[in-house]
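Below is one structure, written out as structure tokens, with a few remarks after it.
The values are calculated or read from the model by the stated rules, or taken from the named source; none is laboratory data. If you're wondering where the values come from, they're calculated on a predicted model, not measured in any experiment. Because the Cβ atoms are built from the backbone with ideal geometry, glycine has one as well, and the counts that use them run over all protein chains shown. Note: accessible area is taken over every heavy atom of the protein model, side chains too, but ligands, DNA and RNA are not part of it. Shrake-Rupley method; radii C 1.70, N 1.55, O 1.52, S 1.80 Å.
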Amino acid sequence: MALRLYDTKTATVRDFEPLQPGRVSLYYCGATVQGRPHVGHVRSAVAFDILVRWLEHSGYDVLSVRNVTDIDDKILEKSAASYAADFVPDEDYPAGEPWFALAYRFEQAFHEAYDALGVRRPRYEPRATGHMTEMFTLIRRLIDAGHAYPTTDDSGDVYFDVRSWPAYGELTRQRVEDMQDAPDADPRGKRDPRDFALWKGHKDGEPESASWDSPWGRGRPGWHLECSAMSTKYLGPTFDIHGGGLDLRFPHHENELAQSAAAGDGFARYWLHNGMVTYEGEKMSKSVGNTISPEEMLASARPVAVRYFLGQAQYRSQLDYRPSSLAEAEAAVDRIETFLARAGEVEEIAPGDAVPEGFAAAMDDDLNVPAALAVLHDTVRAGNTAWDAGDRGTAVARAREVATMASVLGLLDVPSPSRAADDAGHAALASLVEGLLEERAEAKAAKDYARADAIRDRLTAVGVQIEDSRDGARWSLARGTDKEAAHG
RNA sequence: GGUGGGGUGGCCGAGUGGCGAGGCAGCGGCCUGCAAAGCCGUAUACGCGGGUUCGAUUCCCGUCCCCACCUCCA
């Protein structure tokens with residue numbers, strides 16, 4: 001069975017056949033680095049991380065590119081605001097910060113969030129500001145082809161001519177005539193209100209450092225242009241997959257497609273869009289106050305549980321967060337880890353190449369992670385059953401499959417800052433706990449259950465969980481609350 | 001107004017024209033000195049009204065509601 005993916009442009013599930021056998025070129029939209037990452041950003045990143053992992057598991061060499069939009073209106077606005085006399089700095093926005101410093105700072109914040117969740121970095125992460133000449137070339141091509149024009153006023157703007165491109169709207173199946181005009185649209189020098197900026201002329205009051213000399217005057221690039229220019233540079237005029245959040249379909253991806261296609265490029269062959277994250281069914285919004293940030297999630301649950309939560313729904317589905325979500329994810333992850341730890345007592349469990357057929361079929365079916373997780377959990381059960389029956393060989397075999405599946409879903413690569421952060425402390429703790437467990441074993445042997453239970457209660461009280469087995473007691477640090485990983 | 005996606009048991013969340021995925025929570029049982037972990041069992045679920053069909057949650061029609069996008073947005 002081969003991979004099938006839902007393609008937004010054709011609105012169908014299609015067999016995935018890469019341009020070049022064995023190689024996949026993937027471009028997906030990263031963030032505009034104007035603020036701290038929110039849950040939606042990391043959900044998208046996890047979704048595409050799972051795609052890349054599954055492609056690689058399937059034997060493809062994946063060339064992935066994710067852009068960093070480090071120049072745009074919001075970045076400039078926020079920087080400008082930080083210089084205002086009445087500006088009140090907070091922990092996210094200090095006073096007097098240049099736009100490029102602000103952008104770079106948040107770019108790093110995104111990296112921290114991605115890293116914390118085990119999202120692997122793409123092969124390249126190009127920044128918009130580093131690709132001016134590539135953008136000039138694309139604008140030139142569009143003007144020469146009659147699909148773009150510099151305004152006749154003195155603004156220095158260059159626009160894409162929507163009316164010159166009959167296919168405009170093909171990605172989202174909209175007709176230009178049906179589109180609602182933006183209420184606050186400033187027609188400026190546009191021929192049509194839907195025309196969008198390829199190049200924005202420099203305006204008085206904007207920092208000189210935020211503009212570049214171009215054949216059409218000093219200015220800065222429009223948002224959509226960078227993706228067309230950079231994807232072409234790193235992946236070629238035609239590439240396999242273009243991804244991003246559902247909210248980017250229009251206008252961002254529609255405009256990218258129009259630009260690149262009008263310039264004569266094949267552009268993306270498959271369009272993938274991940275669903276939004278909601279809070280108890282409602283769109284997260286700062287004004288409503290129903291938001292939760294990746295940091296807050298990481299403070300209340302282990303990173304691996306956060307990752308599990310973010311990846312557990314099918315990527316196109318809306319992912320609903322509610323206060324109990326992370327505890328549920330934590331429980332599910334615990335179940336998997338407990339089994340792997342059991343089998344790990346027999347021999348080391350490392351991910352291999354083989355996954356159960358049902359898992360592969362689910363992943364090939366447009367990355368049906370929920371169905372894949374069902375197979376994973378079934379395999380855990382089968383392994384536990386074998387373990388309880390004393391069949392260690394089968395248990396270990398199942399554990400290998402579980403580890404492989406978990407690895408494909410990115411659950412084994414999530415850093416666990418707690419443990420690694422303090423090996424010495426952990427060793428000391430282990431020594432103390434094991435001493436107490438020996439005492440407890442002696443008490444149990446003497447049928448002094450009061451004393452045995454007192455020792456267990458004492459350990460439980462400080463977050464050390466005890467599990468008895470025929471081979472003796474096993475201990476682990478209680479999860480869920482995860483005092484260890486709590487961020488300070 | 002236009003475009004697209006949804007409404008599944010206490011919660012999350014797949015899926016299918018007919019043998020009720022999976023996780024979490026609950027209940028009963030096995031195991032255990034007691035727990036924990038594990039295993040087994042346990043639910044008159046598919047927004048509403050019609051229709052097609054031997055049979056629909058799954059197809060068709062209507063209807064209600066929700067969400068996203070059409071302005072910066074993962």
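Okay, here's what the table says:
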item	result
Pair list, Cβ under 7 Å, 6 or more apart: the stretch A:89-105 residue under 17 Å from A:THR69 (Cβ atoms), other residue open to solvent by 40 Å² or more (accessible area, probe 1.4 Å) and assigned to a loop (DSSP other than H, G, I, E, B)	A:TRP99/A:PRO207
Residue within the stretch A:35-47 that is over 20 Å from A:VAL414 (Cα atoms) and at pLDDT below 95 present	yes
The stretch A:443-467, subset within 9 Å of RNA strand B (Cβ to nearest atom), part of a helix (DSSP H, G or I) and charged (D, E, K, R), residue farthest from the chain's Cα centre (by Cα)	A:LYS444
Candidates A:ASP144, A:ASP73, A:ASP115, A:ASP90 - the one that is more than 15 Å from RNA strand B (Cβ to nearest atom), modelled with pLDDT under 95, among the charged types (D, E, K, R) and open to solvent by 30 Å² or more (accessible area, probe 1.4 Å)	A:ASP90
Qualifying residue in the stretch A:445-456 (condition: modelled with pLDDT of 80 or more, outside the structural domain of A:ARG121 (by TED's automatic domain parsing), of a type in the set (Val, Ile, Thr) and in contact with a Gly (Cβ under 9 Å, 6 or more places away or on another chain))	no
Failed criterion for A:PHE239 (all others in (1) part of a helix (DSSP H, G or I); (2) crowded, with 20+ Cβ neighbours inside 10 Å hold)	(1)
Residue check, A:SER325 touching a helix residue (DSSP H, G or I) at 6+ places or on another chain (Cβ under 6 Å) and at pLDDT below 95	yes
Tabulated pairs, the stretch A:331-356, first free of Cβ contacts under 8 Å to residues at least 60 places away in the same chain, second assigned to a helix (DSSP H, G or I) and open to solvent by 60 Å² or more (accessible area, probe 1.4 Å), C-beta under 7 angstrom, 6+ apart or interchain	A:VAL346/A:ARG392; A:ILE349/A:ARG400; A:GLY352/A:ARG400
Count - residues of the stretch A:338-351 that are open to solvent by less than 50 Å² (accessible area, probe 1.4 Å), more than 8 Å from RNA strand B (Cβ to nearest atom) and part of a helix (DSSP H, G or I)	3
Complete set of residues in the stretch A:369-397 that are surrounded by fewer than 19 Cβ atoms within 10 Å (Cβ to Cβ) and within 7 Å of RNA strand B (Cβ to nearest atom)	A:PRO370, A:ALA371, A:ALA374, A:HIS377, A:ASP378, A:ARG381, A:ASN384, A:THR385, A:ASP388
Qualifying residue in the stretch A:204-221 (condition: within 26 Å of the chain's Cα centre (by Cα) and within 16 Å of RNA strand B (Cβ to nearest atom))	yes
Residue pairs meeting the criteria (Cβ under 6 Å; at least 6 apart or on separate chains; first within 27 Å of A:GLY146 (Cα to Cα) and open to solvent by less than 20 Å² (accessible area, probe 1.4 Å), in the stretch A:257-279; second part of a loop (DSSP other than H, G, I, E, B) and of a type in the set (A, V, I, L, M, F, W, C))	A:LEU257/A:LEU171; A:ALA258/A:TRP165; A:ALA262/A:TRP165
Selected residue [more than 12 Å from RNA strand B (Cβ to nearest atom) and part of a loop (DSSP other than H, G, I, E, B)] from A:ALA109, A:ALA167	A:ALA167
Strands (runs of 3 or more DSSP E) contained entirely in the stretch A:1-103, each with at least 3 residues that are within 26 Å of A:GLY169 (Cβ to Cβ)	A:4-7, A:12-15, A:23-28
Long-range neighbours under 8 Å by Cβ, at least six apart or interchain, first residue free of Cβ contacts under 8 Å to residues at least 40 places away in the same chain within the stretch A:3-19, second surrounded by 15 or more Cβ atoms within 10 Å (Cβ to Cβ) and assigned to a loop (DSSP other than H, G, I, E, B)	A:ASP15/A:LEU3
Test: residue in the stretch A:37-49 that is open to solvent by less than 10 Å² (accessible area, probe 1.4 Å) and either away from RNA strand B (no atom under 12 Å from the Cβ) or assigned by TED's automatic domain parsing to the domain that holds A:SER317 (or both)	yes
Total residues in the stretch A:20-36, condition within 11 Å of RNA strand B (Cβ to nearest atom) and free of Cβ contacts under 8 Å to residues at least 40 places away in the same chain	0
